[in-house]
Amino acid sequence: QVQLVESGGGLVQAGGSLRLSCAASRRNISNYNMGWFRQAPGKDREFVASINRSGGNTLYADSVKGRFTISRDNAQNTVYLQMNSLKTEDTAVYSCAANPRDYSGRYYFLYDYWGQGTQVTVSS
């Protein structure tokens, strides 16, 4: 099964940018549709963005549309989340997820493999 490791989180001021990476191992990431999700303390897990195997189709939560960009480099076995114009409400643990089905949507329960997450904290 694929293993996922996120990196790139940290502390940033509101209005700033971060780029998260999700590196896959043991399996070729091109076999998986990928998603980014986040969870803030005391809140439910929330869909952020997803991308299909080829990278030709992407989907975003309304709350991040126009600010975040998901992309993938199958040759590097990595998926990225570029986050611009960050807001304090973006503070959360961000996790990437993979699923081998013909699904690249927003429902977390349809993703089979998860990374451990990376903390993003946006200060005012």
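Short version: ³J(HN,Hα) in whole Hz for each residue of the stretch 82-87, in order, from phi by Karplus 6.51 cos²θ - 1.76 cosθ + 1.60 (θ = phi - 60°), x for Gly and Pro, what are they?
8, 10, 10, 6, 5, 10
Averaging sequence separations of C-alpha pairs under 8 Å and six or more residues apart, then dividing by the length of the stretch 1-63, give the relative contact order as a whole percent. Walk me through the numbers before you get to the answer.
Working: 84 pairs, mean separation 15.0, N = 63.
The normalised contact order for the stretch 1-63 reaches 24 percent.
Rolling a 1.4 Å sphere over the protein heavy atoms, what is the accessible area per residue of the chain, to the nearest Å²?
50
Using only Cα atoms, figure out Rg for the chain and give it as a multiple of 2.2 N^0.38 Å.
Relative to the 2.2 N^0.38 Å estimate, the chain comes out at 0.97.
At 1.4 Å probe size, with the rest of the protein present, what percent of the exposed accessible area of the chain is carbon and sulfur atoms?
That fraction is 44 percent.
If you plug each phi of the stretch 13-19 into the Karplus form 6.51 cos²θ - 1.76 cosθ + 1.60 with θ = phi - 60°, what whole-Hz ³J(HN,Hα) values come out, in order, with x for Gly and Pro?
7, 3, x, x, 10, 9, 10
Return the sequence-ordered ³J(HN,Hα) values of the stretch 65-70 in whole Hz as given by the Karplus equation 6.51 cos²θ - 1.76 cosθ + 1.60 applied to θ = phi - 60°, using x for Gly and Pro.
4, x, 10, 10, 9, 9
Give me the net charge of LEU81's neighbourhood, meaning all other residues with Cβ under 12 Å from the Cβ of LEU81; Lys, Arg count +1, Asp, Glu -1.
+2
Can you give the relative contact order of the chain as a percent, counting alpha carbon pairs under 8 Å and 6+ residues apart?
Relative contact order here is 36 percent.
With label points built 7 Å along Cα→Cβ from the Cα atoms of ASP102 and SER30, find their separation and express it in nm.
Label-label distance for ASP102 and SER30, simple model: 2.0 nm.
Based on the alpha carbons, how large is the Rg to Rh ratio for the stretch 12-59 when Rh follows Kirkwood? Spell out each step's value before the answer.
Values: Rg = 13.5 Å, Rh = 13.0 Å.
Result: Rg/Rh = 1.04.
The values are calculated or read from the model by the stated rules, or taken from the named source; none is laboratory data. Since the model is a prediction, treat every value here as computed from it, not as a measurement. Positions of Cβ are backbone-derived with ideal geometry, glycine not excepted, and every protein chain shown enters the neighbour counts. Please note that ligands, DNA and RNA were not included when accessible areas were found on the heavy atoms of the full protein model with its side chains. Shrake-Rupley method; radii C 1.70, N 1.55, O 1.52, S 1.80 Å.
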